[in-house]
1. Given the conditions (1) closer than 23 Å to S38 by Cβ; (2) polar (S, T, N, Q); (3) in the same structural domain as D76 (by TED's automatic domain parsing), which single one is not true for S198?
2. Confirm whether S122 is of a type in the set (G, A, S) and outside the structural domain of E71 (by TED's automatic domain parsing).
3. Check whether at least one residue in the stretch 99-111 is surrounded by 10 or more Cβ atoms within 10 Å (Cβ to Cβ) and either closer than 18 Å to L176 by Cα or in contact with a Gly (Cβ under 8 Å, 6 or more places away or on another chain) (or both), and report yes or no.
4. Could you say whether any residue in the stretch 3-18 is in contact (Cβ under 8 Å) with a residue 24 or more places away in the chain, out of contact with any helix residue (DSSP H, G or I) (no Cβ under 8 Å at 6 or more places or on another chain), assigned by TED's automatic domain parsing to the domain that holds L120 and on the phi < 0 side of the Ramachandran plot?
5. Whether any residue in the stretch 31-40 is in a loop (DSSP other than H, G, I, E, B), free of Cβ contacts under 8 Å to residues at least 60 places away in the same chain and not assigned by TED's automatic domain parsing to the domain that holds S149 is what I want to check.
Amino acid sequence: MQNFTKNIDVKFSKVSEITENENIWKVNNCFAKNVILSTGAFPQILQEPYLKIRPVWGERLDISSNSILKESFHKDISISQTVQGKIRIGATHFRNILERTADEVERENLILEAKNMVNLESVKILKIYSGVRSASFDYFPIFGKMVDSNKTIAKLPQIINGRKYPNSEYHYYKNLHIFSGLGGYGFSIAPYLANLFSENIEIPNSVKPHRFFSRWVKKVKNER
């Protein structure tokens, strides 16, 4: 954590809403020109009907073993290579659950599944991690500018009748991004996308939030 926050001013506070005035966002008593929403699986601070993020609860293990793994493996679960005598195994998947009691059976199943994938001898559990991660409904991350659905429909009223518009014509919140829905791939995909963003390199359309708006707005007419 200290390495991630080096040279960054970090403040912790509970935020229930954010407001924008003259291109400046107010977050509690803080003011910022740019905001990235990274609330994970927990309720979004800024509600948009096209953005649905579901929680996935899981457990992960640090183990020791007489077996030395020189590669990482991924199938239904992930198994790391041996690093400083530790192998990481995880994680279980319980969809649409924000909190769950740790389960010894699930830990045993994780180890059994890992043994079915690789040769692991003399396994000993060193540490147990549990928590909830966010997942999108199409299994791709959600990263990029957020579409303001009400203002986009007001600007392009025929969009609810099925007329197609390029996403460049949608109305977006100014200086507001979202970074969520990474599922079980946060440690592998998050640094890559963050680097694209920091280097001002175009983010792939496959992860931008506007894809959900384009699907959702086709159904709006029947709901109005």
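1. (3)
2. Numbers: of a type in the set (G, A, S): yes; outside the structural domain of E71 (by TED's automatic domain parsing): no.
The answer is no for S122.
3. Within the stretch 99-111 (the criterion being surrounded by 10 or more Cβ atoms within 10 Å (Cβ to Cβ) and either closer than 18 Å to L176 by Cα or in contact with a Gly (Cβ under 8 Å, 6 or more places away or on another chain) (or both)), the answer is yes, since at least one residue qualifies.
4. First, pick out the residues of the stretch 3-18 that are in contact (Cβ under 8 Å) with a residue 24 or more places away in the chain: 15-18.
Now drop any that are not out of contact with any helix residue (DSSP H, G or I) (no Cβ under 8 Å at 6 or more places or on another chain), which leaves 15-18.
From the residues that got through so far, the ones that are assigned by TED's automatic domain parsing to the domain that holds L120 too are none.
Scanning the stretch 3-18 turns up no residue that is in contact (Cβ under 8 Å) with a residue 24 or more places away in the chain, out of contact with any helix residue (DSSP H, G or I) (no Cβ under 8 Å at 6 or more places or on another chain), assigned by TED's automatic domain parsing to the domain that holds L120 and on the phi < 0 side of the Ramachandran plot.
5. no
Let's see how each residue does on (1) more than 26 Å from K221 (Cα to Cα); (2) in contact with a Lys or Arg (Cβ under 8 Å, 6 or more places away or on another chain):
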position: P141; (1), (2): yes, no
position: M146; (1), (2): no, no
position: N150; (1), (2): no, no
position: L156; (1), (2): no, yes
position: N161; (1), (2): no, yes
position: E169; (1), (2): no, yes
position: F179; (1), (2): yes, no
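The values are calculated or read from the model by the stated rules, or taken from the named source; none is laboratory data. Keep in mind it's a predicted model, so treat the numbers as computed, not measured. Virtual Cβ from ideal backbone geometry, glycine too; neighbours counted across all protein chains shown.
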